[in-house]
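Engineer: Supplied in structure tokens, the structure appears directly below.
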Amino acid sequence: MYLTHELKETLTFILAGGQGERLKPLTIQRAKPAVPFGGSYRIIDFTLSNCIHSGLRRIYVLTQYQARSLEEHIRFGWNFLPRRLEQFISVSPPHHATIGQWYKGTADAIAQNIDLLEEDGPKYVLILSGDHIYKMDYGRMLGQHIQSKAKLTIGAVKIPTAEARRFGVFEIDREDRVLSFAEKPKSGAKEIPGQPGYCLGSMGIYIFETKELIRRLRADMAKSDSSHDFGKDVIPAMIREVPVVAHHFIDRDGGVEPYWRDVGTLDAYFEANMDLCSIAPKFNLYDRQWPIYSLWHADPPAKTVFDEAGRRAEVVDSLLSPGVVVSGAKVRRSILSNRVVVQDHAIVEDSILLGGVTIGKGAKVRRAILDKWTQVPDGATVGYDKEADAKRFTLSDSGIVVVPARYPFDGSHTVQPALSGNFPRPGE
């Protein structure tokens, strides 16, 4: 279905104000969508890249919690659309001057920006979450929305029923019309026929008819007992009155099991990153037809070098970002972000090192996430003594050690950065 005109008539809102409580300490000073992912990206880059590849060019990013890092990332990395052609990616924080309050829920976030809807006058409104990892052509979903003459279309993905409490779940009929919707149900969800152990979960992706959305938002905001949330309030009311349909997610990579990850917990975040280290990763970062865009740093190529004694570096099943130096060290099944340095005799295994981290000589890191600009002293260990780690750091449910940014390790000897100019850059 050829949708050039319809895509131009679509206004996109990306909800990017998530606090990410379950991702702390990675979200102490940044919003969840701004958390680094996959070495060279931020989580929000995947949703924004989907928009660009889908032909969407009118995008508002609604920020809220700890927004500075996210706003700078978008300002410096996503400012390439020509405004003179009415194309833009614009950051919109809560309107404190007129409303005087933070966003209360997903529906409230759009309601506080209802003036943008009325000024832009789109025919369709696409609402997305800025904190999921996946590839999706939203044009395909818009095509179904138009053909079905629905007032609302919801992106649907298959999830284990055991995880239903984390999502909005729903039932559909044979024509994909939504029969019921429950946001994070406490009891079990209805299984998909013929697929025991699985149910349909909401991807947090909605396409509304604009007039219907405005009417529903005004009605919801007038209710004093509403939580002003799409999943809890707006969608259940719509299902009883107008056509609401489900769009089954189709992965751009064409896998049998479509890849969509909610990286809302430390373990989910760690596992999704580690997926990228597989020999045949389920999520393909190397698709030239669907590149993931981001803020590009002018860092030199990554390199591995011999140590002082002439022993070579060993890097296996790992991702090395620009600016990385591995000097006579061993790196296995790990992701090293920009400007990471691993010095002589160090060992890094099953770990994620974010930008500017330095691992000192002879230090060992295992099953850990190290936030930006942390310097691990020579000979120190992380991930080898659970009791000692628990006293200093955050441990995930599965035992992943998470070291906060610039953590001040004890000891008189500290690592001297191997690269000059290790200073924060915009969006760091």
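Engineer: Could you list, in sequence order, the residues of segment 173-195 that are at pLDDT 85 or above and closer than 22 Å to residue 251 by Cα?
Structural biologist: Of everything in segment 173-195, those that are at pLDDT 85 or above and closer than 22 Å to residue 251 by Cα turn out to be 174, 175, 176, 177, 178.
Engineer: Being farther than 18 Å from residue 38 by Cβ, of a type in the set (Asp, Glu), buried (at least 18 other Cβ atoms within 10 Å of the Cβ) and not assigned by TED's automatic domain parsing to the domain that holds residue 35 is the requirement here; does residue 344 meet it?
Structural biologist: Values: farther than 18 Å from residue 38 by Cβ: yes; of a type in the set (Asp, Glu): yes; buried (at least 18 other Cβ atoms within 10 Å of the Cβ): yes; not assigned by TED's automatic domain parsing to the domain that holds residue 35: yes.
It is true that residue 344 is farther than 18 Å from residue 38 by Cβ, of a type in the set (Asp, Glu), buried (at least 18 other Cβ atoms within 10 Å of the Cβ) and not assigned by TED's automatic domain parsing to the domain that holds residue 35.
Engineer: In this structure, does residue 72 turn out to be free of Cβ contacts under 8 Å to residues at least 12 places away in the same chain and more than 20 Å from residue 116 (Cβ to Cβ)?
Structural biologist: On the way: free of Cβ contacts under 8 Å to residues at least 12 places away in the same chain: no; more than 20 Å from residue 116 (Cβ to Cβ): yes.
So residue 72 fails the test.
Engineer: Has segment 163-170 got any residue that is closer than 24 Å to residue 130 by Cα, assigned to a strand (DSSP E or B) and modelled with pLDDT of 90 or more? Explain how you work it out, then say what you get.
Structural biologist: Going residue by residue through segment 163-170, those that are closer than 24 Å to residue 130 by Cα are 163-170.
From what is left, the residues that are assigned to a strand (DSSP E or B) are 168-170.
Those still in the list that are modelled with pLDDT of 90 or more too: none.
Checked against the condition, which is being closer than 24 Å to residue 130 by Cα, assigned to a strand (DSSP E or B) and modelled with pLDDT of 90 or more, segment 163-170 yields no hits at all.
Engineer: Residue 263 - would you say it is modelled with pLDDT of 90 or more, of a type in the set (Val, Ile, Thr) and assigned by TED's automatic domain parsing to the domain that holds residue 27? Please lay out each step first, then the result.
Structural biologist: Values: modelled with pLDDT of 90 or more: yes; of a type in the set (Val, Ile, Thr): yes; assigned by TED's automatic domain parsing to the domain that holds residue 27: yes.
Yes; evaluated as a whole, the condition is true for this residue.
Engineer: Ok, one more. Among the residues of segment 49-60, write down those that are under 20 Å from residue 9 (Cβ atoms) and either touching a Pro at 6+ places or on another chain (Cβ under 9 Å) or not hydroxyl-bearing (Ser, Thr, Tyr) (or both). Write out each step before concluding.
Structural biologist: Filtering segment 49-60 down to residues under 20 Å from residue 9 (Cβ atoms) leaves 50-60.
Across segment 49-60, the qualifying residues are 50, 51, 52, 53, 55, 56, 57, 58, 59.
Engineer: Residues 172, 133, 146: which one is within 14 Å of residue 247 (Cα to Cα) and in contact with a helix residue (DSSP H, G or I) (Cβ under 7 Å, 6 or more places away or on another chain)? Even if it seems obvious, please write down each step before you answer.
Structural biologist: Working: 172 fails: in contact with a helix residue (DSSP H, G or I) (Cβ under 7 Å, 6 or more places away or on another chain); 133 fails: within 14 Å of residue 247 (Cα to Cα).
146 is the lone residue from the list that is within 14 Å of residue 247 (Cα to Cα) and in contact with a helix residue (DSSP H, G or I) (Cβ under 7 Å, 6 or more places away or on another chain).
Engineer: Right, next: Is it true that some residue in segment 50-63 is of a type outside the set (Asp, Glu), touching a Cys at 6+ places or on another chain (Cβ under 9 Å) and in a loop (DSSP other than H, G, I, E, B)? Before you say what the answer is, go through the steps one by one.
Structural biologist: If we filter segment 50-63 for residues that are of a type outside the set (Asp, Glu), which is where we start, we get 50-63.
Keeping just the survivors that are touching a Cys at 6+ places or on another chain (Cβ under 9 Å) gives 57, 59.
From what's left, in a loop (DSSP other than H, G, I, E, B): 57.
Looking for residues that are of a type outside the set (Asp, Glu), touching a Cys at 6+ places or on another chain (Cβ under 9 Å) and in a loop (DSSP other than H, G, I, E, B), one finds at least one in segment 50-63, hence yes.
Engineer: May I pose another question? Does segment 111-124 contain at least one residue that is under 17 Å from residue 55 (Cβ atoms), touching a Leu at 6+ places or on another chain (Cβ under 8 Å) and part of a strand (DSSP E or B)?
Structural biologist: Yes, there is a match, as at least one residue in segment 111-124 is under 17 Å from residue 55 (Cβ atoms), touching a Leu at 6+ places or on another chain (Cβ under 8 Å) and part of a strand (DSSP E or B).
Engineer: While we're on this one: Of everything in segment 308-350 that's in a loop (DSSP other than H, G, I, E, B) and hydroxyl-bearing (Ser, Thr, Tyr), which residue is farthest from residue 381 (Cα to Cα)?
Structural biologist: Taking segment 308-350 and keeping what is in a loop (DSSP other than H, G, I, E, B), we get 308-313, 317-318, 321-324, 328-329, 333-334, 337-340, 343-346, 350.
After this cut, where a residue has to be hydroxyl-bearing (Ser, Thr, Tyr) as well, the list is 318, 321, 334, 337.
Details: 318: 20, 321: 23, 334: 16, 337: 20 Å.
Top of the filtered list is 321.
Engineer: Would you mind listing the strands (runs of 3 or more DSSP E) fully within segment 203-307 where at least 1 residues are surrounded by 15 or more Cβ atoms within 10 Å (Cβ to Cβ), free of Cβ contacts under 8 Å to residues at least 24 places away in the same chain and touching a strand residue (DSSP E or B) at 6+ places or on another chain (Cβ under 6 Å)? Spell out how you get there, then give the answer.
Structural biologist: On the way: elements: 244-248, 260-262, 303-305.
Strands (runs of 3 or more DSSP E) meeting the threshold: 303-305.
Engineer: Report yes if residue 92 is touching a Leu at 6+ places or on another chain (Cβ under 9 Å), among the small types (Gly, Ala, Ser), surrounded by fewer than 19 Cβ atoms within 10 Å (Cβ to Cβ) and touching a residue at least 12 places away in the same chain (Cβ under 8 Å), otherwise no. Give the steps one after another, and end with the answer.
Structural biologist: Details: touching a Leu at 6+ places or on another chain (Cβ under 9 Å): yes; among the small types (Gly, Ala, Ser): yes; surrounded by fewer than 19 Cβ atoms within 10 Å (Cβ to Cβ): yes; touching a residue at least 12 places away in the same chain (Cβ under 8 Å): yes.
Answer is yes for this residue.
Engineer: Every residue in segment 176-191 that is more than 16 Å from residue 246 (Cα to Cα) and among the hydroxyl-bearing types (Ser, Thr, Tyr), please.
Structural biologist: Hit for segment 176-191 is 187, nothing else.
Engineer: Any chance you could count how many residues in segment 1-49 are among the hydroxyl-bearing types (Ser, Thr, Tyr) and in a loop (DSSP other than H, G, I, E, B)?
Structural biologist: Of all residues in segment 1-49, those among the hydroxyl-bearing types (Ser, Thr, Tyr) come to 2, 4, 10, 12, 27, 40-41, 47, 49.
From what's left, in a loop (DSSP other than H, G, I, E, B): 2, 27, 40.
The qualifying residues number 3.
Engineer: Follow-up question, since we're still on this one. Among what's in segment 68-106 and is assigned to a helix (DSSP H, G or I) and among the hydroxyl-bearing types (Ser, Thr, Tyr), pick the residue that is modelled with the highest pLDDT.
Structural biologist: Taking segment 68-106 and keeping what is assigned to a helix (DSSP H, G or I), we get 68-77, 83-85, 106.
With the extra rule that they be among the hydroxyl-bearing types (Ser, Thr, Tyr), the set shrinks to 69, 106.
Numbers: 69: 89, 106: 86.
So the residue we want is 69.
The values are calculated or read from the model by the stated rules, or taken from the named source; none is laboratory data. What you see is a predicted model, and the numbers here were worked out from it, not measured in a lab. All Cβ positions, glycine included, derive from the backbone under ideal geometry; neighbour counts span all protein chains shown.
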